[in-house]
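Take a look at the structure below.
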Amino acid sequence: MMEKWIEINRLKKNVDDFQLGPMDLSFEAGTITAIVGNNGAGKSTLLKVLMRLAVQDEGEIKLFGQLIDSEAEGWKKRIAYLPQTLLGCDSFNGNQLRELVSKWYPTWDQPLFERLVKMYQIPLTKKYGKLSQGVQQKLNLALTLARDADILILDEPTAHMDIPSKQMLLDVIVEWMERGDKLIIISSHQAEDIRKLADYVVVMKEGQLLGKFEKEELTGQFKQYWMDEFIPNEPIPGVIDRKNERILVSKCAEETESYLASKQLKWLRAETLEIEEIITYMLIGKAS
Amino acid sequence: MELPIRLSKESREPIYHQIEEQIKALIAGGQLPAGTSLPSIRVLSKELEISVITTRRAYQNLEYQGFIRTTQGKGTFVAEIEASKKEEVTVSAVYHAIEKAVETALRHDYTLEQIEVVFQEIIASLEKKGGHNNDGKMD
């Protein structure tokens with residue numbers, strides 16, 4: 001059994017007329033979890049609350065088994081957080097930022113930082129404010145990964161990156177996970193991040209948690225059937241969508257198949273759905 | 001190293017079982033000799049686009065059945081296995097393939113007699129072409 005490193009209980013946070021939670025959620029060592037949801041679902045707010053950049057109205061958060069409060073900040077060195085935008089850095093160059101950050105983290109891994117800088121060809125003498133969004137993101141990543149913290153929280157790390165840079169990051173993250181006991185939470189809209197990295201998917205909608213699922217728990221349940229013949233438009237257990245008169249989409253393969261079998265309805269082909277299709281069904285409210 | 005594993009989106013078999021069977025077939029067929037280093041659970045999970053939970057389950061089952069062994073800190077390797085065990089895997093793979101073909105035929109309402117005719121025809125045509133391979137390797 002893997003150790004719970006982050007435990008969120010009955011968490012609630014109001015920001016203007018938006019409400020996050022209440023929700024319970026936990027994350028275990030050795031796993032990568034992708035947080036997905038529509039824009040404005042509350043993903044960034046959740047990550048900010050985790051990092052104490054915002055304080056919850058109700059509920060508690062435990063890190064490494066300890067309740068976190070603003071007094072003791074030792075846990076902060078065990079978490080590296082990559083926000084969507086880094087504020088107040090514009091007048092510093094990469095070398096200066098490295099100096100600031102590395103002092104703070106006793107586990108700073110200089111060779112890893114140098115490797116990432118070289119891999120992404122990041123100019124360290126140029127001011128942060130003068131870098132393109134993509135290069136800023138690469139520098140942020142190098143500064144975050146090299147902290148070698150136990151927990152890595154990435155808020156849309158690849159949003160502005162080109163295709164090769166994204167591919168390289170996937171390998172870097174896999175390698176980073178193998179450094180020992182590590183935990184990654186990644187908020188992302190990129191299907192590839194979810195497919196190649198995530199063990200678990202947390203689905204959020206309008207501030208509410210729709211659930212945390214192991215990836216194959218979803219792909220094992222959702223299936224699409226090409227039926228042998230026209231299927232009358234009557235309710236079928238598990239079926240959440242019909243793409244035309246002969247294609248059925250089910251969120252519970254077992255239920256649907258036993259119903260079809262009982263009616264002696266045959267299908268030519270049954271196929272699992274891609275994770276992004278499943279997430280879409282959940283977010284448009286057809287599968288929850 | 002990368003493993004030539006392909007997961008089927010159509011199979012009813014659970015993913016961990018598909019991985020298990022394919023690795024076993026690669027070992028039994030000699031493509032993965034004893035001592036070959038296997039990818040880590042995290043790397044294989046990325047390649048196959050599945051969770052480490054599923055990959056770990058497949059590796060644990062393979063280890064339990066004696067096909068692979070894990071050395072702390074060094075990684076996972078193909079184990080030395082007996083010829084009789086290899087034979088067992090090969091026989092079960094062949095059975096499995098034919099079973100699937102028969103299922104396809106039954107789904108199209110073939111009778112067992114009709115299936116047998118098709119089977120005999122295929123055998124005959126392969127014999128005529130000399131296309132069957134007899135060196136014991138699986139393709």
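Once both labels are modelled 7 Å past Cα along the beta-carbon direction, what's the A:ASP228-A:VAL15 spacing in nm?
The modelled label-to-label distance comes out at 5.4 nm.
For A:GLY94, what charge total do you get from the other residues with a beta carbon under 13 Å from its beta carbon, if Lys and Arg give +1 and Asp and Glu give -1? Could you put the intermediate results ahead of the total?
On the way: positive: A:ARG98, A:LYS118, A:LYS126, A:LYS127, A:LYS130, A:LYS138; negative: A:ASP90, A:GLU99, A:GLU114.
Computed value for this residue: +3.
Under a straight-distance cross-link criterion of Cα-Cα below 13 Å, which aspartates and glutamates are reachable from A:LYS76, leaving out those fewer than 8 residues away in the same chain?
Within reach: A:ASP148, A:ASP150.
Hey, what number do you get for the protein assembly as shown at 222 nm if only DSSP H runs of n ≥ 4 count, each worth -39500 (n - 2.57), divided across all residues, to the nearest 500?
When only DSSP H runs of four or more count, the value is -12000 deg cm²/dmol.
A:LYS126's amide H: which non-local residues (gap 5+, or another chain) put their own amide H closer than 5 Å, with H modeled 1.01 Å from N in plane and none for Pro or chain starts?
Result for A:LYS126 returns A:GLY94.
With a 10 Å cut-off between alpha carbons and a GNM built on chain B, which of B:THR111, B:THR36, B:THR54 moves the most?
The residue with the greatest mean-square fluctuation here is B:THR111.
Please list, ordered by chain and number, the residues whose modelled amide H lies under 5 Å from the amide H of A:TRP267; skip anything fewer than 5 residues away on the same chain.
A:ASP228
Between A:ASN39 and B:PHE119, what is the label-to-label distance in nm when each label sits 7 Å out along the Cα-to-Cβ direction?
Each label point is offset 7 Å from its Cα along the Cβ direction, giving 6.0 nm.
Could you estimate the translational diffusion coefficient of region B:2-62 from the Stokes-Einstein equation, with Rh from the Kirkwood formula over C-alpha pairs, at 37 °C and 0.692 mPa s, in whole µm²/s? Present the calculation step by step, with values, prior to reporting the outcome.
On the way: Rh = 11.8 Å.
Estimated diffusion coefficient is 278 µm²/s.
Other chains' Cβ within 10 Å of B:40-51 residues: what's the mean? Let's see the in-between values first.
On the way: counts 4, 3, 11, 5, 0, 8, 9, 2, 2, 10, 8, 13.
If you average over the peptide's residues, the count of other-chain Cβ atoms is 6.
Please give the peptides B:4-10, A:110-116 ranked by average Cβ packing (other Cβ atoms within 10 Å per residue), highest first, as a rough proxy for protection.
On the way: B:4-10: 12.3, A:110-116: 15.6.
Going from most to least packed, we get A:110-116, B:4-10.
Measure of size requested: the Rg and Dmax of region A:96-177, with Cα atoms as the atom set and Å as the unit; please supply both.
Expressed in Å, the Cα Rg and Dmax of region A:96-177 come to 12.0, 33.
Residues with amide H under 5 Å of A:GLY37's amide H, sequence separation 5 or more or different chain, H placed in the peptide plane at 1.01 Å from N; which?
For A:GLY37, the qualifying residues are A:MET204.
Loop only by DSSP, 16 or fewer other Cβ within 10 Å of the Cβ. Give me the chymotrypsin sites (Phe, Trp or Tyr not before Pro) in region B:27-72 that pass, ordered by residue number.
none
Give the distance, in whole Å, between the Cα centre of region A:87-103 and the Cα centre of region A:1-64.
The distance from the Cα centre of region A:87-103 to that of region A:1-64 comes to 28 Å.
Can you tell which of A:TRP267, A:ALA253, A:PRO164 lies farthest toward the positive end of the dipole of chain A, using +1 and -1 charges on the Cβ of basic and acidic side chains (Lys, Arg; Asp, Glu)?
Comparing the listed Cα positions along the dipole, A:PRO164 ranks first.
Test of understanding: in a Gaussian network model of chain A with alpha carbons linked when under 10 Å, which of A:TYR81, A:TYR225, A:TYR200 would top the mean-square fluctuation ranking?
A:TYR225
Using Cα centres only, tell me the gap between region B:18-49 and region A:157-208 in whole Å.
The two parts, judged by their Cα centres, are 24 Å apart.
Arranged from highest to lowest average of other beta-carbon atoms within 10 Å per residue, in what order do the peptides A:59-66, B:23-30, A:262-269 appear?
Working: A:59-66: 15.2, B:23-30: 19.9, A:262-269: 12.4.
Highest to lowest by the protection proxy: B:23-30, A:59-66, A:262-269.
Give the separation of the Cα centroids, region A:241-288 to region A:111-139, in Å.
Rounded to whole Å, the Cα centres lie 45 Å apart.
Quick check on region A:237-288: what does the Kirkwood estimate of hydrodynamic radius come out to from the alpha carbon pairs, in Å? Walk me through the numbers on the way to the answer.
On the way: mean 1/r = 0.0856 Å⁻¹.
After inverting the mean inverse Cα-Cα distance, the result is 11.7 Å.
Tell me, what are the semi-axes, in whole angstrom and largest first, of the equivalent ellipsoid of region A:153-288 as set by the roots of 5 times the Cα gyration tensor eigenvalues?
On the way: eigenvalues 245, 44, 38 Å².
Each semi-axis is √(5λ); the values are 35, 15, 14 Å.
Based on alpha-carbon atoms only, what is the radius of gyration of region A:1-153 relative to the globular estimate 2.2 N^0.38 Å?
Details: Rg = 16.8 Å, N = 153, 2.2 N^0.38 = 14.9 Å.
Against the empirical 2.2 N^0.38 Å value, I get 1.13 for region A:1-153.
Cβ under 11 Å from A:TYR200's Cβ, A:TYR200 left aside: what net charge do those residues give with Lys, Arg +1 and Asp, Glu -1? Could you put the intermediate results ahead of the total?
Numbers: positive: A:LYS212, A:LYS215; negative: A:GLU28, A:ASP199, A:GLU214, A:GLU216, A:GLU217.
With Lys, Arg at +1 and Asp, Glu at -1, the net is -3.
Find, to one decimal place in angstroms, the Kirkwood hydrodynamic radius of the protein assembly as shown, where the mean of 1/r is taken over every pair of different Cα atoms and then inverted.
Working: mean 1/r = 0.0403 Å⁻¹.
About 24.8 Å, per the Kirkwood formula over Cα pairs.
For region B:38-77, state which trypsin sites (Lys or Arg not before Pro) are in a DSSP loop and have at most 14 other beta carbons lying within 10 Å of their beta carbon. Please report the intermediate quantities before stating the final value.
Numbers: sites: B:ARG42, B:LYS46, B:ARG56, B:ARG57, B:ARG69, B:LYS74; in loops: B:LYS74.
In loop regions of region B:38-77 (DSSP not H, G, I, E or B), the sparsely surrounded trypsin sites (Lys or Arg not before Pro) are B:LYS74.
Every read-out reported here was derived from the displayed coordinates using simple, explicitly stated rules and does not represent laboratory data. Keep in mind that this is a model prediction, so the values were computed, not measured. No Cβ is skipped: glycine too gets one built from the backbone with ideal geometry, and neighbour counts run over all protein chains shown.
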